[in-house]
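For reference, the structure discussed in these notes is given below.
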Amino acid sequence: MGKIREFEITLKNNKTVYSPGESISGTLKISTAQPIECKAIKVNCQGFCGVTSKSNDTDWTEEEQYFSSSVSVADKGILKDGEHSFPFKFLLPAAAPTSFKGPYGVITYRVRAFIDTPRFAKDYKIEKPFTMKNTVNLNEIPGIQEPSSSSVTKNFSYMLVKNGTVVLKAKSDMRGYITGQIIKVFAEIENKSEKSTGHVVASLMQKVTYNTKKPTYDLRTVAEVEGPGVKGGQKTEWKEQIIVPSLHLSTLTDGNLIQICHYIQVYLKYPEVSVTLPLYIGSIALDPTRPSRSRSVAPMPAPRNNPTAAPTSANAHSPAAAPVESAPTTLPLRKTPKTAPKPRPRSSYASLNVPPPDMYPELPGVANYNGEMPKSPQYESGSQLPPNYRSSPYPHEAPPSYEDSCNI
């Protein structure tokens, strides 16, 4: 390196795996053969994600920086010849995702060091990668202890003219596992045809989504078990086990450039029918003594020991229970009368102070007060109606009776 004999980043205790929220510290060692003029010596800690649509390409289509922290360990001056040591320390964020490397993207973390020299002089830089390992606590996922199940019915043709139906039902014992655990798979196949089905297969799948403008998917089988087919007209149950190998943890949040999910795919080789059982791969196993979050319901209050049941009528009042609000009680207006009211006699002079209709809400005919008179129950179709005296000038004579009106 010319003037530089040694330029190295050493992490404390040679640690290479860290968790979110931890601190990372180390030493930058520089050994020079002769003095070097520099403007600054900086150390940077960075978390970065890049994805592309081309396999094994580092020209990233989309990029995301999780964090980037820098510290200046030496200011402008002359770096004398000899050995120099510069300590550094950074605090890693609590929400950093796990390191990942795939054919279409990476999630990488590194510590970098720079010797910034004057213009026209050579700059020096070096980097030290480290691994970020996040934790996925399966106990914090709602419904994780419940079985993952699915079913499908497939109609198919064979021998050109014959038709058949196959019913495939499958489930796993729960929805979350860690490396080394056993996944118990149950399947039920009902063959409603005269032709035997192909073998039944259960595969543990890992799907990685690289979110570019046009998402790229990387799907691979990590474990697989196989069983015999089902003869025509028969129904059988199939049980198998899959040991979870070392896998990347499932992604629990949306919006990341790289999403990782896992599932069990149970399918028949013939006819082509399959079901998918979603599951999670975590780092903290399920605690069987811990209740599932989906079932944690607040306890109901104990019922009161009342001698009689509370009335359910809208107009009933309970003497033992106080009203919720102290608003004055008002009777609701009746929109339509239940029975036709009898007509009341009118005065020969209209009153100057006619009470408003809402003053008598208890009267069944209040909606017609000072309005049209309700029809008499003796009225029949085709009879002559009484004259309308409301249009007469004020004051007016009393209206004739109903019998006199009919004899006009």
> Which distance in nm do the two modelled labels at residue 84 and residue 190 give, with both placed 7 Å along the Cα-to-Cβ direction?
Replying inline: 7.9
>> Quick check: from the Cα gyration tensor, does region 4-132 come out rounded (a/c under 1.5), prolate or oblate?
In response: prolate
>> Greater than 32 Å separation of Cα atoms is the criterion. Which listed pairs, 101/125; 42/101; 54/125; 15/42; 184/235; 128/184, meet it?
In response: 128/184
>> Give me the extension gain from residue 269 to residue 220: residue separation times 0.36 nm, minus the current Cα-Cα distance, reported in nm with one decimal.
In response: 15.9 nm
> Relative contact order for region 197-243: what is it in percent, counting Cα pairs under 8 Å that are at least 6 residues apart?
Replying inline: 42
>> I need the calculated FRET efficiency for the pair residue 199 and residue 53, taking r as the beta carbon distance and R₀ as 30 Å, to the nearest 0.05.
In response: 0.25
>> I want the antiparallel fraction of DSSP beta bridges within region 140-285, as a percent rounded to 5.
In response: 95
>> Of 196, 179, 157, which is farthest towards the positive pole of region 142-208's charge dipole, taken about the Cα centre with +1 and -1 on the beta-carbons of Lys, Arg and Asp, Glu respectively?
In response: 157
> How high is the relative contact order of region 140-285, in percent, with contacts defined as C-alpha pairs under 8 Å that are six or more residues apart?
Replying inline: 29
>> Can you tell me how region 69-199 classifies by the Cα gyration tensor, rounded, prolate or oblate, using a/c under 1.5 as the rounded cut?
In response: prolate
> How high is the FRET efficiency from residue 155 to residue 237, r the C-beta distance, R0 25 Å, rounded to 0.05?
Replying inline: 0.65
> Amide H neighbours of residue 124 under 5 Å, counting only residues 5+ apart in sequence or on other chains, H built in-plane at 1.01 Å?
Replying inline: 115, 117
> For 7, 88, what's the fewest-to-most ordering of other Cβ within 10 Å of each Cβ?
Replying inline: 7, 88
>> Can you give me the distance in nm between label points at residue 6 and residue 247, each placed 7 Å from the Cα along the Cα-to-Cβ direction?
In response: 4.5
>> Rounded, prolate or oblate, given the Cα gyration tensor of region 1-58, with a/c below 1.5 counting as rounded?
In response: oblate
>> Using Cβ contacts closer than 10 Å as the measure, can you line up 289, 165, 236, 58 from fewest to most?
In response: 289, 58, 165, 236
>> As a footprinting exposure proxy, order 199, 262, 84 by other Cβ within 10 Å, with the fewest listed first.
In response: 199, 84, 262
> In whole percent, what relative contact order does region 1-56 give with Cα contacts below 8 Å and a gap of six or more residues?
Replying inline: 39
>> Let me spell out the model: positive unit charges on the Cβ of Lys and Arg, negative unit charges on the Cβ of Asp and Glu, origin at the Cα centre of region 140-285. What dipole size does that give, in debye rounded to 20?
In response: 440
> Which distance in nm do the two modelled labels at residue 19 and residue 72 give, with both placed 7 Å along the Cα-to-Cβ direction?
Replying inline: 3.6
>> Could you give the length gained by full extension between residue 123 and residue 284, i.e. 0.36 nm per residue of separation minus their alpha carbon distance, to one decimal place?
In response: 53.4 nm
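Where a number appears in this text, it was derived from the coordinates with a stated rule and is not lab data. For clarity, every value in this text was computed on a predicted model and none was experimentally measured. In this analysis, Cβ positions are derived from the backbone assuming ideal geometry, glycine residues included, and neighbour counts consider all displayed protein chains.
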